[in-house]
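Some notes on the structure that comes next.
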Amino acid sequence: MKTSKRLIYLIDKSFQLNFIGKYLVIIILTVLFCFGLAALYYYQLSILGANKLDQNIEIKSRSYITSQGYPIFKYDTEEIDVYLIKKQNKKEYFCLNPYSNPNYQIDDPVLNVDESALNPTYTTNIKVTKMFYVVIFPILWTSLFILCSIATYTIFFSHRIAGPIYRIRISLDRMLAGDFDFKIQVRKKDFFIPIVEKLEQLRLNIKNKNISHSQRSKIENIIKSVDKNREKEKIIEQLNDLLK
């Protein structure tokens with residue numbers, strides 16, 4: 001069966017948005033339930049005087065030591081400290097601290113620097129915060145990321161359901177109107193492919209024949225089954241009955 005590409009991902013907005021909404025509600029309720037259990041656990045700890053979330057912790061980070069915004073390096077070859085200035089992709093080094101080296105004074109240019117002998121200087125930054133903020137914000141951001149990922153996935157997943165249902169409904173309407181000069185196409189990864197294949201076979205069988213009243217009634221029943229999202233086995237059974 002020839003496949004087709006669909007660029008519109010909200011084919012049946014009411015169905016897909018309802019599907020996505022229910023899916024996300026379940027996820028949100030699950031997250032809230034887990035947060036509730038965690039809150040209850042730490043609340044009991046606070047009653048017992050062991051509230052870990054209220055403890056102060058130190059967060060240590062390392063950063064470059066700079067001089068007026070310029071990075072500082074220890075230059076072991078000359079036993080001095082230098083700072084780096086970049087000008088139009090050109091590196092220039094200047095003496096920051098000559099120590100006991102008599103060949104340099106502060107701000108003297110340092111030429112022919114062996115960059116392999118340069119060691120960046122670091123300082124340790126300490127930030128004091130509550131354990132609560134360390135725990136809660138990563139959980140919130142992770143939950144938000146998971147929620148957005150699931151919402152995106154459900155759009156594509158529901159598209160694989162709504163697309164074939166929409167195609168089946170339109171095809172049945174055209175057949176009831178006496179139009180059989182078309183081909184029913186869905187994508188390989190869509191759901192309800194067996195139903196679409198049976199419907200395409202039905203279209204080919206009756207393309208050059210007039211539809212009887214009983215056949216029209218059966219097709220209308222199939223449309224109702226599709227609209228009610230009934231089991232595909234039952235719809236296939238109804239299509240097989242028409243093909244007899």
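The values are calculated or read from the model by the stated rules, or taken from the named source; none is laboratory data. Small disclaimer: the values here were computed from a predicted structure and weren't measured. Cβ: placed from backbone, ideal geometry, glycine included. Neighbour counts: every protein chain shown.
For this structure, a couple of remarks:
- Inter-residue pairs, beta-carbon under 6 Å, first at pLDDT below 80 and in a loop (DSSP other than H, G, I, E, B) and in the range 188-212, second of a type outside the set (D, E, K, R) and surrounded by 13 or more Cβ atoms within 10 Å (Cβ to Cβ), 6+ apart: 207/180
- The range 91-146 - residue that is basic (Lys, Arg) and over 17 Å from residue 71 (Cβ atoms) and, of those, surrounded by the most Cβ atoms within 10 Å (Cβ to Cβ): 130
So that you can scan it fast, the table gives a plain yes or no per residue for (1) under 18 Å from residue 233 (Cα atoms); (2) among the β-branched types (Val, Ile, Thr):
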{"residue": "158", "(1), (2)": "no, no"}
{"residue": "169", "(1), (2)": "yes, no"}
{"residue": "184", "(1), (2)": "no, yes"}
{"residue": "190", "(1), (2)": "yes, no"}
{"residue": "193", "(1), (2)": "yes, yes"}
{"residue": "202", "(1), (2)": "yes, no"}
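- Residue that is farthest from residue 123 (Cα to Cα) [pool: residues in the range 57-76 that are touching a strand residue (DSSP E or B) at 6+ places or on another chain (Cβ under 9 Å) and not in a strand (DSSP E or B)]: 76
- Of the residues making up the range 48-59, one or more are surrounded by fewer than 11 Cβ atoms within 10 Å (Cβ to Cβ), at pLDDT below 75 and not assigned by TED's automatic domain parsing to the domain that holds residue 116.
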